[in-house]
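*Asks:* Quick one: this structure, given as structure tokens, is what I'll be asking you about.
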Amino acid sequence: MTITSVPLDAPSATVESGAIATSHVLATAAGEAAYAAGGNAIDAALAAAAALAVVYPHNTALGGDLVALIRTPTGQIHCVNATGVAALSVDVASLRERYVGKLPERGVDSISLPGTVAGWQALRGFGAVLPWAEQFNRAIEYAVDGVPVSPSLATALSAVHHVIEQDAGMVSVFFKDGEPLREGDQLRQPALAISLKSIATNGPDEFYRGDVGQRLVNGLSRLGAPFTQEDFSSYRAEVSSPISVEYQGHEVFTSPPNTQGFILLRVLQQLKAQDIKDPLGCDAGALSRLFAEGNQFREELLADPRYASVDVNQLLTGSKPGGDGSGNVQIPTGDTVGIAAADSGGFAVSLIQSVYFSFGSAVLEPSTGILMQNRGMSFSLDDASPNVIAPGKRPSHTLMPVLVTKKGALRWANATMGGKGQPQIHAQALHRLLAGSTPEETVSSPRWIVGPKAPTDGPETIYLEANLAAEPKAAIGAIGFRVHEVPPLTDWIGHLQVVAVNPAGFTAASDPRSDGSAVVVSRP
């Protein structure tokens, strides 16, 4: 869905028009309502983010993480890193005894402390104008009244029902008469609605230091998770500067480590250094090799810079690590949401929210209705890895928002799901936009992803959509990687959201691979 707005002529933070694109039509409606209530792009993004935590629970939840970029009317861009941490009391020796080689993909030992709500609080500090409670209006309504199960959610429930049926909390929400909910069934979440109402009324501290947080900690403890009230009460989101590079006359901004944003910037710099001119055409094979190299850097060098030496310059420009990048390979999934928003007052947001794998840890704490992420599985158990698990440490992370400017003016706010494929999706999208494609053409275009999907895949594996043009398909096939074709508009190839800004107005588009929509609003 693509809509173009009236011209942009607001010189100040007064919002006369705005745009938002999300992966679910009801979340876009929540963002649109925030604009209608007098909010700006931050308010719209927050309302959509809260709604997505209700209507898209296979991809995001209150028990997940958030990373966002925010541009303010002064032109400054900030990064909010609300990625969670390992428990302060985590017993690493016990984990090594119980899980030889790698941490589990599901269950309480895959959970890291959720950062999403703290991330919402941090975002508000950059200029939200609506009351805190107002951002939850639609989310609460959706949780109380119920929403139809979307195609993407129904597909996820069918695919992993054997996993989620092992948790009583999950079954209580996502099963009916012993079977997983189907497309069109009503999804009601009364316990989550109560938690949302409490957080809306009492503020973000309710999640980390209030009754909701205490009940969540107690419930997780009964299930065997090591988190305590101290873990929750001590958590804070981190606000920092983004990292960026210049590319084709534009400045491309993304999030710093512990996130994988550096891969996108590294790819762009290598394309420039190697004078690769047609990365989506005859040079698609060369681009694919750069994607594989970026994967290798992530697997071997990315970690929490508060706990390990992480040299951003090395990540961006250094030579390849000595290994083959396969030491900690995990099957990538795309269970994340992206929100892109911008307004005529100069605010813009690229926000990524996630529970990592589909339905995260597959643990839903029943008293609060909160589904927990499985981001903790990203840690290594190897002492030699910079990403080895430690108390209070953040794992290496896939979430990476993107904003693009030209001579200081915003050009695009881009956000996508796609797991470890996110930097690759962003690189392909950026080149299409730079070549003159509209947002709608960009989000609908065929893509490819380099990296393992099936357990038997190695790092030199490529999945490409069958309708990819013949020239790039041939170039990719010529580099000797193992290539698999998937149907056009395959869900896990990414849900890309784009808001474009130019003097003629906004254009916004939502990926047809998702259940989303895009809207541009103007106030009289």
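*Asks:* Within region 487-524, track down each residue that is surrounded by fewer than 18 Cβ atoms within 10 Å (Cβ to Cβ), assigned to a loop (DSSP other than H, G, I, E, B) and modelled with pLDDT under 95.
*Replies:* Listed by number, the residues that qualify are Pro503, Ala504, Arg523, Pro524.
*Asks:* Looking only at region 431-457, which residues are more than 19 Å from Pro487 (Cα to Cα) and surrounded by 23 or more Cβ atoms within 10 Å (Cβ to Cβ)?
*Replies:* Passing the criteria: only Pro439.
*Asks:* A further question follows. When you go through Glu251, Glu299 one by one, which is the residue that is crowded, with 21+ Cβ neighbours inside 10 Å, over 18 Å from the mean Cα position of the chain (by Cα) and either within 24 Å of Gln353 (Cα to Cα) or modelled with pLDDT under 95 (or both)? Walk me through how you get there before you give the answer.
*Replies:* Values: Glu251 fails: crowded, with 21+ Cβ neighbours inside 10 Å.
Exactly one of Glu251, Glu299 is crowded, with 21+ Cβ neighbours inside 10 Å, over 18 Å from the mean Cα position of the chain (by Cα) and either within 24 Å of Gln353 (Cα to Cα) or modelled with pLDDT under 95 (or both), namely Glu299.
*Asks:* Here is a follow-up. What's the number of the condition Ala51 fails, among (1) under 26 Å from Val163 (Cα atoms); (2) among the aliphatic types (A, V, I, L, M); (3) over 18 Å from the mean Cα position of the chain (by Cα); (4) not in a loop (DSSP other than H, G, I, E, B)?
*Replies:* In the conditions (1) under 26 Å from Val163 (Cα atoms); (2) among the aliphatic types (A, V, I, L, M); (3) over 18 Å from the mean Cα position of the chain (by Cα); (4) not in a loop (DSSP other than H, G, I, E, B), Ala51 misses (3) alone.
*Asks:* Moving on to the next point. Restricting attention to region 341-397, which residues are part of a strand (DSSP E or B) and of a type in the set (Val, Ile, Thr)?
*Replies:* Taking region 341-397 first, the residues part of a strand (DSSP E or B) are 341-343, 348-356, 363-365, 370-372, 380, 388, 397.
Scanning region 341-397 gives Val349, Ile352, Val355, Val363, Ile370, Val388.
*Asks:* Something else about it: Restricting attention to region 394-401, does a residue exist that is in contact (Cβ under 8 Å) with a residue 24 or more places away in the chain and more than 14 Å from the chain's Cα centre (by Cα)?
*Replies:* Yes: region 394-401 contains one or more residues that are in contact (Cβ under 8 Å) with a residue 24 or more places away in the chain and more than 14 Å from the chain's Cα centre (by Cα).
*Asks:* Kindly evaluate Arg106 against the criterion of being part of a helix (DSSP H, G or I) and surrounded by fewer than 24 Cβ atoms within 10 Å (Cβ to Cβ). Talk me through it step by step, then tell me what you get.
*Replies:* On the way: part of a helix (DSSP H, G or I): no; surrounded by fewer than 24 Cβ atoms within 10 Å (Cβ to Cβ): yes.
No.
*Asks:* So, one more: Would it be correct to say that Asn313 is surrounded by fewer than 22 Cβ atoms within 10 Å (Cβ to Cβ), assigned to a helix (DSSP H, G or I) and not charged (D, E, K, R)?
*Replies:* Yes.
*Asks:* Separate question: Do we find a residue being modelled with pLDDT under 95 and part of a loop (DSSP other than H, G, I, E, B) anywhere in region 402-415?
*Replies:* No, that holds for no residue.
*Asks:* Scan region 255-287 for residues that are of a type in the set (Val, Ile, Thr) and part of a helix (DSSP H, G or I) and jot them down.
*Replies:* Answer for region 255-287, where residues must be of a type in the set (Val, Ile, Thr) and part of a helix (DSSP H, G or I): Ile263, Val267.
*Asks:* Now, a different point. Only one residue in Val117, Val163, Val129 is modelled with pLDDT of 95 or more, more than 18 Å from Phe359 (Cβ to Cβ) and surrounded by fewer than 20 Cβ atoms within 10 Å (Cβ to Cβ), so which one is that?
*Replies:* From the options Val117, Val163, Val129, the qualifying one is Val129.
*Asks:* Does region 110-117 contain at least one residue that is closer than 17 Å to Ala45 by Cβ and either part of a helix (DSSP H, G or I) or charged (D, E, K, R) (or both)?
*Replies:* Checking region 110-117: at least one residue is closer than 17 Å to Ala45 by Cβ and either part of a helix (DSSP H, G or I) or charged (D, E, K, R) (or both).
*Asks:* A further question follows. Take the residues of region 258-273 that are within 10 Å of Met400 (Cβ to Cβ) and not aliphatic (A, V, I, L, M): which is surrounded by the fewest Cβ atoms within 10 Å (Cβ to Cβ)?
*Replies:* Gln260
*Asks:* Let me ask you something else. Take the conditions at pLDDT 95 or above, on the phi > 0 side of the Ramachandran plot and surrounded by fewer than 19 Cβ atoms within 10 Å (Cβ to Cβ) and apply them to Gly477. Does it pass?
*Replies:* For Gly477, the condition - at pLDDT 95 or above, on the phi > 0 side of the Ramachandran plot and surrounded by fewer than 19 Cβ atoms within 10 Å (Cβ to Cβ) - is not met.
*Asks:* Continuing with this model, one more query. If Gly346 satisfies all but one of (1) at pLDDT 95 or above; (2) closer than 30 Å to Gly224 by Cβ; (3) crowded, with 18+ Cβ neighbours inside 10 Å, what's the number of the condition it fails?
*Replies:* (2)
*Asks:* Consider only pairs whose beta carbons are under 8 Å apart and that are at least six residues apart or on different chains; among these, list those whose first residue lies in region 462-478 and is in contact (Cβ under 8 Å) with a residue 24 or more places away in the chain and farther than 14 Å from Gly281 by Cα and whose second residue is part of a helix (DSSP H, G or I) and among the polar types (S, T, N, Q).
*Replies:* Ile462/Ser288
*Asks:* For region 166-185, give me the residue count where each residue is surrounded by fewer than 17 Cβ atoms within 10 Å (Cβ to Cβ) and closer than 24 Å to Leu216 by Cβ.
*Replies:* Going through region 166-185, the residues surrounded by fewer than 17 Cβ atoms within 10 Å (Cβ to Cβ) turn out to be 166, 168, 172, 175-179, 182-184.
Narrowing the set further to residues that are closer than 24 Å to Leu216 by Cβ leaves 166, 168, 172, 175.
So the count comes out to 4.
*Asks:* Here is a further query. Go through (1) buried (at least 17 other Cβ atoms within 10 Å of the Cβ); (2) farther than 23 Å from Ala37 by Cα one by one and return the number of the condition Val92 breaks.
*Replies:* Of everything listed in (1) buried (at least 17 other Cβ atoms within 10 Å of the Cβ); (2) farther than 23 Å from Ala37 by Cα, Val92 misses just condition (1).
*Asks:* Mind listing just one residue for me: the one in region 145-156 that is under 22 Å from Val355 (Cα atoms) and not polar (S, T, N, Q) and, of those, surrounded by the fewest Cβ atoms within 10 Å (Cβ to Cβ)?
*Replies:* It comes out as Pro151.
*Asks:* Looking at Gly392, Gly325, Gly334, which one is small (Gly, Ala, Ser), at pLDDT 95 or above and either under 17 Å from Ala82 (Cβ atoms) or buried (at least 20 other Cβ atoms within 10 Å of the Cβ) (or both)?
*Replies:* Gly392
*Asks:* Using beta carbons and a limit of 7 Å, which pairs, at least six apart or on different chains, have the first residue in region 434-448 and touching a residue at least 60 places away in the same chain (Cβ under 8 Å) and in a helix (DSSP H, G or I) and the second one surrounded by 19 or more Cβ atoms within 10 Å (Cβ to Cβ) and acidic (Asp, Glu)?
*Replies:* Here the result reads Val443/Asp511, each pair linking region 434-448 to a residue that is surrounded by 19 or more Cβ atoms within 10 Å (Cβ to Cβ) and acidic (Asp, Glu).
*Asks:* Only one of these is out of contact with any strand residue (DSSP E or B) (no Cβ under 8 Å at 6 or more places or on another chain) and among the aliphatic types (A, V, I, L, M): Val85, Val147, Val67. Name it.
*Replies:* One residue alone meets the criteria, Val85.
*Asks:* Please go through region 142-160 and give me each residue that is part of a helix (DSSP H, G or I), within 15 Å of Val173 (Cβ to Cβ) and among the β-branched types (Val, Ile, Thr), ordered by number.
*Replies:* Within region 142-160, Val144, Val160 qualify.
*Asks:* Looking at Gly203, Gly210, which one is on the phi > 0 side of the Ramachandran plot and surrounded by 14 or more Cβ atoms within 10 Å (Cβ to Cβ)?
*Replies:* From the options Gly203, Gly210, the qualifying one is Gly203.
*Asks:* Okay, moving on. Which condition does His484 not pass, out of (1) buried (at least 19 other Cβ atoms within 10 Å of the Cβ); (2) touching a residue at least 24 places away in the same chain (Cβ under 8 Å); (3) assigned to a strand (DSSP E or B), if it passes all the others?
*Replies:* (1)
*Asks:* Let me ask you something else. Quick one: what pairs do we get from region 178-203, first residue free of Cβ contacts under 8 Å to residues at least 24 places away in the same chain, second surrounded by 16 or more Cβ atoms within 10 Å (Cβ to Cβ) and among the small types (Gly, Ala, Ser), C-beta under 6 Å, 6+ apart or different chains?
*Replies:* Asn202/Gly210
The values are calculated or read from the model by the stated rules, or taken from the named source; none is laboratory data. Given the structure is predicted, the values throughout are model-derived calculations rather than measurements. When we count neighbours, we look across all protein chains shown, and the Cβ atoms used for this are built from the backbone with ideal geometry, even at glycine.
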